[in-house]
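For reference, the structure is listed below as C-alpha cells.
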Amino acid sequence: MKIEIKNISKKFGNLVANSEINISINNGIHALLGENGAGKSTLVKIISGQIAPDNGEILLDGEKLILGTPIESINSGVGLLNQDPLDFGNLSVLETFLIGIKDANPYRNLKQTKENILRIFQKYKINIDFSQKTKNLSIGERQQVELLRLLYNGAKLIILDEPTSAFSLEQKKMMFETLRSLTKEGIIIIFVSHKLDEIIELCDTATILKSGSVIHSISKPFDSQDIIEKMFEDTSSKIKSDKTFTNENNFTILVSGKDFLGRNTEDIEHRFSYGSVIGIAGLQGSSNDSYIKNFFTNEFSKTKLVLDSKIKIPKKTYYYMPSDRIEKGLFRDLNVLEHFGLFKSSETRFLNWNKIKNISSKKIKKFNIRANFSNEVSELSGGNQQRLMLSLMPENQSILLLEQPTRGLDFNSAENIWEMILSRKSKDIAIFFSSTDIDEIWEYSDIVISVSGKSIVNINYKKELTKDKVINYVSGIV
Amino acid sequence: MNKNIQLIQINFIRLVLTLAIIFFVLTLFGTSPISIFDSIIYGSMGSYSKFIRTLIVWAPISLASVALIYTFSAGMWNIGIEGQIIMGAVGATFVARSFFGDTIISPYVQILFALGFGGFWGLICGVLKVKGNVHEIFSGLGLDFVASGIVIYLIIGPWKREGIASTSGTDVFDKASWIPTIGQNEFPLLLILIIFVLYIFSFFIFKYTSFGLRLKATGVNEDAAERFYFSSGKYILLSFFIAGAIAGLAGFSQASGAYHKLVPSISGGFGFLSILIVLICSRNIFFTLIISFLFSALIVGGSQLQIKLGLDHSLIGIIQALFVLSWLILEKLKLEKILLSKIIRSNE
C-alpha cells in the first residue's frame, strides 16, 4: 500500500483549512501533528471522503481515489477510527459488526460470518464477549472492536484520530502492539495525536502542519524539543505552580462514607490553605470527574467543603466547568455576547447590551478568545470554547471546579488555559481540577486527590508524594 | 443591523419561492392561481367589514402565536395550546354568565379570568413536565381532550340553553359582555390594542431582559442552566404559565369577540395553526405578526372561493399546508442564502 496526497487544498469561507498539502507514505505508522486548527481534521476528513477538497488528488497505490464520498474511500481500503467511537451502544458487539461489514447479507450465512469475525478477533488476541451490548464495553474496547471491523472490511490505510484520549495505560499498550503488527502486514497507519510521547514511541514518520500547510516532514528518531519548536512559534517556558504563595485562611475537605476497600470509615478531615490547587487524579472511567461535580451538586458523595469561618458556602461561590463544553457547559445556539448577557443575568433584571458589550470585549481580549460577539459558540474551536467558559468565571472569590480543563487541547492552548487558571490562586478559596493525565496533575497541583474506581484513595500534599505513588494510587495499588 | 437586513432579504426570497410552489401546484389542480388569490384578497380585505372579519380571526391566531414563542423559546412543544385557548374561553364565559355579565366592566373581568384559566391549564403541563417528567406533548394532547370534554359538559349540562339540550352552544352573551368595539363596523379596538401591546412587550422581554435570555438558554441547554445559577425548571414553568395565559386571551377573543357564546370547538384549530406559524417564523416576533395575518386572510378569504369560483373551501387547507411544507423545506435547503449571495456578487 502506498498513499500519495497531492496538492490538497480546502477553504471554508475565508478560512484556509488546507493549502497545497503534499504527503507521501509508503509504509509504517505516520503521525500527523499540529496545534488545534492546523488542519489535521480537515485532511483526515478529506482522505476518508467526508468532505471534498477544492483542489488536489489522492492516489492509493497509484490509483486515483474519488474524493468526497465516504463509500468510495471505504471501498478503496481507507478506514477511519474516530476519536469517540461511532457505534451503536444498544446493539451487541456482533450486531454492530454485522451492520458495518462489507458482506452483502451477513445474516444469510450467519454461522460462517461469525466464524470469520471470531477468527479476526483471535488473530489480534482480543477477548471480548460478542453477545454483550456495545455500551457495556469500555471506550478503549469499543475502539478495538471498531479497529477490527475496519480490518475485516479490508482496510489497508487506517486513520486514527486522537484514539488514545480515552484509553487506559493497559489498553494503550495493547493497541500499540496491535498497530505495530498491522504495519508488518503492509497496512499504513496515519496517527493523529496531540501527545508527543505517544508519537515518539509509536510512529516512524511524521508530518507537521501549521495553518493548513505542511511545514515539516520528519522521520525517526524524533527529538521532542525540536518538534515542539517547529509546531509553535513561541515556546515560552512552562509556568510553574506558585509554591511560595501562602494564605492564613483554611478550609477543610470532609471525606465521609465508605473507603476504597468498602469499609465504613469515620469522616476524615483534611485542612488546606486558601488558594490551593487541588488535582483530582484518576484513570479514564474512574469517578474523578464526579467528585469535581459533587462539590457543586452534592449528588455523588457526602464529601464536602467546610470553611474555617463555618459560613455556609453560597452556591454562587462555586464555578463549575464541565469537560463536555458544548453539551453541558455552553449554549450551542446562543452567541458569544448572549453568554456574557446570561452571566450578567443573575445580577440584573434588564440587560443593558452596551454595557455587556463593553465588559465582553474586555474579557474577550483578556482571555484571548478568537471570536466575534455574533459567533454562535458551536462555531468556535474547542480551545476558544474553553477560554470562553473561563472568561465567564465570577470576578469575586470563588471555588473553581474544573472538569478536565484541557481535554482535547494542544500544548499551547493548554498552557494558555493554565496560565489563566493559576493567575486566580491569590484570589480564590480553592481551585479543583480533574484530569486523567498524571503529568498534568503533577505539574499544576499543590494537593493531589487520588481516585481509584469510585473511591478517594489518598489525599495529600504534592510535596509528600511522588509521581509513582500517585500512579499506583489511581491504579488501585496501595 | 446588516444581519437583520439580510434576514429580511432571505425571508422575502423564501416567500416568493413558496408562493411560486403554491402557484405551480394550484395550476396542477387545473385551477387558476391568480383568480384564487384574487378572490382570497377580495374576500378578506375587499371591504372594511371584510377586513374587520379578518381581524377577528387574526386576533386569536396572533395571540396564540405569541404565546407559543414563550414555550418554544424554552424548548417546549406546547401542543396543549388548544386546551389553553378553550379554558380561556371557559373563563370568559364564566364571567359573562355571572352577575358581571350585564355590567360595563364585564370584558375586563373576562380578561382576568381568561388569563387565569388559560395560565392554570398551561401550568398543569409545566408541572407535569418539571415535577413528573411527563413529556409536554403527551400531557398537552391529553389536556386538549380534557378541555374539549369540559366545554361539552358545560354546554349540555350546567350552561345549557333554556329548555334545549343542544351542542350548538350556550346562550348568546349579554351585549355588555361582548368585546368593546367602535364605529358602525365594530372595529375591535381593545383587542387590537391588547395584541400590539403584547407583541411589543414580548419583543422587549426577549431582547432586553434577563428573563427572556434565560428562557432562550433553557431551550438550548437545560443542563448548562445550573452553571449560570438559574434553574431551568422554574423557567419552563413560567413559560407554560405565560403561554397558557396569553392563549387564554385567544379564547376570550373567540368567545366574546367572534361567537359571543361558548361553542364546542371554540378554539377552531387556531392553536395548532399557530404552532405552524411560529415554526415558519423561527420565533421571530415581527414575522409572526405578519405571517399570522396572512394566514387569517387566507382563512377568511377562503370562504369566497365557493361563492365566486365554485371551489371547495378545503383548498385553503391545501394552500396552508403547501405554504408550511415548502417554507420549511426551503429553509432546510438554504436555497435563498445561495441565491442571495449570487445576487450580491452579480451586483458587485
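The values are calculated or read from the model by the stated rules, or taken from the named source; none is laboratory data. What you see is a predicted model; the values in this text were computed from it and never measured. When we count neighbours, we look across all protein chains shown, and the Cβ atoms used for this are built from the backbone with ideal geometry, even at glycine.
I'm checking my understanding of the structure. Among residues of the stretch A:432-447 that are hydrophobic (A, V, I, L, M, F, W, C) and modelled with pLDDT under 90, which one is farthest from the chain's Cα centre (by Cα)?
A:447
Just to be sure I understand the filter: pairs with C-beta atoms under 7 Å, separated by 6 or more residues or on different chains, first member in the stretch B:211-226 and over 16 Å from residue B:242 (Cβ atoms) and more than 7 Å from chain A (Cβ to nearest Cβ), second member in a helix (DSSP H, G or I) and aliphatic (A, V, I, L, M). Which pairs pass?
B:225/B:217
When you go through (1) modelled with pLDDT of 85 or more; (2) within 14 Å of another protein chain (Cβ to nearest Cβ) one by one for residue A:374, which number turns out not to apply?
Against the list (1) modelled with pLDDT of 85 or more; (2) within 14 Å of another protein chain (Cβ to nearest Cβ), residue A:374 comes up short only on (1).
Working carefully through the options B:261, B:308, find the one that is surrounded by fewer than 19 Cβ atoms within 10 Å (Cβ to Cβ), more than 14 Å from chain A (Cβ to nearest Cβ) and touching an Asp or Glu at 6+ places or on another chain (Cβ under 9 Å).
B:308
What number of residues within the stretch A:313-343 are modelled with pLDDT of 85 or more, more than 15 Å from residue A:398 (Cα to Cα) and more than 7 Å from chain B (Cβ to nearest Cβ)?
Number satisfying all stated conditions: 6.
Inspect the stretch B:240-250 for any residue being more than 15 Å from the chain's Cα centre (by Cα) and either more than 29 Å from residue B:106 (Cα to Cα) or within 13 Å of another protein chain (Cβ to nearest Cβ) (or both) and give the result as yes or no.
No, the stretch B:240-250 contains no residue that is more than 15 Å from the chain's Cα centre (by Cα) and either more than 29 Å from residue B:106 (Cα to Cα) or within 13 Å of another protein chain (Cβ to nearest Cβ) (or both).
If you go through the stretch A:344-355, how many residues are out of contact with any strand residue (DSSP E or B) (no Cβ under 7 Å at 6 or more places or on another chain), at the interface with another protein chain (Cβ under 10 Å from one of its Cβ atoms) and not polar (S, T, N, Q)?
Number satisfying all stated conditions: 3.
Please go through the stretch A:170-203 and pick out each residue that is in a helix (DSSP H, G or I), free of Cβ contacts under 8 Å to residues at least 24 places away in the same chain and closer than 28 Å to residue A:76 by Cα.
A:177, A:184
Specify which of the listed residues (B:201, B:196, B:145) is within 14 Å of another protein chain (Cβ to nearest Cβ) and at pLDDT 95 or above.
Criteria check complete, one pass: B:201.
When residues of the stretch A:426-443 are filtered for being touching a residue at least 40 places away in the same chain (Cβ under 8 Å) and within 12 Å of residue A:406 (Cα to Cα), how many remain?
The number of residues fulfilling the criteria is 6.
Give the residue that is nearest to residue A:360 (Cα to Cα), with candidates limited to residues of the stretch A:397-419 that are surrounded by fewer than 20 Cβ atoms within 10 Å (Cβ to Cβ) and modelled with pLDDT under 85.
For the stretch A:397-419, the residue satisfying everything is A:397.
Only one residue in A:103, A:87 is touching a residue at least 24 places away in the same chain (Cβ under 8 Å) and among the charged types (D, E, K, R), so which one is that?
Within the list A:103, A:87, the selection yields A:87.
Scanning for something assigned to a loop (DSSP other than H, G, I, E, B), closer than 18 Å to residue B:63 by Cα and aliphatic (A, V, I, L, M), does the stretch B:169-180 turn up at least one residue?
Yes - at least one qualifying residue is present in the stretch B:169-180.
Here's the yes/no breakdown for (1) in a helix (DSSP H, G or I); (2) closer than 21 Å to residue A:390 by Cβ; (3) in contact with a strand residue (DSSP E or B) (Cβ under 7 Å, 6 or more places away or on another chain); (4) without any contact (Cβ under 8 Å) to a residue 12 or more places away in the chain:
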| site | (1), (2), (3), (4) |
| --- | --- |
| A:280 | no, yes, yes, no |
| A:284 | no, no, no, no |
| A:292 | yes, yes, yes, no |
| A:296 | yes, yes, yes, no |
| A:300 | no, no, no, no |
| A:312 | no, no, no, yes |
| A:316 | yes, yes, no, no |
| A:323 | no, yes, yes, no |
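Name the residues in the stretch B:303-322 that are of a type in the set (Gly, Ala, Ser) and over 18 Å from the mean Cα position of the chain (by Cα), would you?
Within the stretch B:303-322, B:303, B:310, B:314 meet the criteria.
Within the stretch A:303-312, does at least one residue satisfy the condition of being loosely packed, with under 14 Cβ neighbours inside 10 Å, at pLDDT 80 or above and out of contact with any Cys (no Cβ under 8 Å at 6 or more places or on another chain)?
Yes, the stretch A:303-312 contains a residue that is loosely packed, with under 14 Cβ neighbours inside 10 Å, at pLDDT 80 or above and out of contact with any Cys (no Cβ under 8 Å at 6 or more places or on another chain).
Just to be sure before I move on: is residue A:264 within 14 Å of another protein chain (Cβ to nearest Cβ), surrounded by fewer than 12 Cβ atoms within 10 Å (Cβ to Cβ) and at pLDDT below 75 in the structure I sent?
Here the answer is no, as residue A:264 does not meet what is asked.
Give the stretch B:325-343 a look and list any residue that's of a type in the set (A, V, I, L, M) and either touching a strand residue (DSSP E or B) at 6+ places or on another chain (Cβ under 6 Å) or surrounded by fewer than 18 Cβ atoms within 10 Å (Cβ to Cβ) (or both), or say none.
B:325, B:328, B:329, B:333, B:335, B:338, B:339, B:340, B:343
Can you find a residue in the stretch B:71-79 that is more than 26 Å from residue B:210 (Cβ to Cβ), outside any helix (DSSP H, G or I) and assigned by TED's automatic domain parsing to the domain that holds residue B:112?
Checked the stretch B:71-79: at least one residue is more than 26 Å from residue B:210 (Cβ to Cβ), outside any helix (DSSP H, G or I) and assigned by TED's automatic domain parsing to the domain that holds residue B:112.
Would you confirm whether any residue within the stretch B:109-116 is assigned to a helix (DSSP H, G or I), in contact with an Asp or Glu (Cβ under 9 Å, 6 or more places away or on another chain) and either assigned by TED's automatic domain parsing to the domain that holds residue B:243 or of a type outside the set (Phe, Trp, Tyr) (or both)?
No: zero hits.
Residue under question is residue A:195, and the condition is that it be under 23 Å from residue A:475 (Cβ atoms) and in the same structural domain as residue A:70 (by TED's automatic domain parsing); does it hold?
yes
To keep it simple, each residue is scored yes or no on (1) of a type in the set (S, T, N, Q); (2) buried (at least 23 other Cβ atoms within 10 Å of the Cβ).
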position: B:217; (1), (2): no, yes
position: B:252; (1), (2): no, yes
position: B:267; (1), (2): yes, yes
position: B:278; (1), (2): no, yes
position: B:282; (1), (2): yes, no
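Within the stretch B:85-110, take every residue that is among the β-branched types (Val, Ile, Thr) and surrounded by fewer than 23 Cβ atoms within 10 Å (Cβ to Cβ) and give me the one that is nearest to residue B:149 (Cα to Cα).
Filtering the stretch B:85-110 for residues that are among the β-branched types (Val, Ile, Thr) and surrounded by fewer than 23 Cβ atoms within 10 Å (Cβ to Cβ), the one nearest to residue B:149 (Cα to Cα) comes out as B:109.
In this structure, does residue B:99 turn out to be free of Cβ contacts under 8 Å to residues at least 12 places away in the same chain and not assigned by TED's automatic domain parsing to the domain that holds residue B:294?
So residue B:99 fails the test.
Before we move on, is residue B:67 closer than 17 Å to residue B:170 by Cα and modelled with pLDDT of 95 or more?
Criteria not met by residue B:67.
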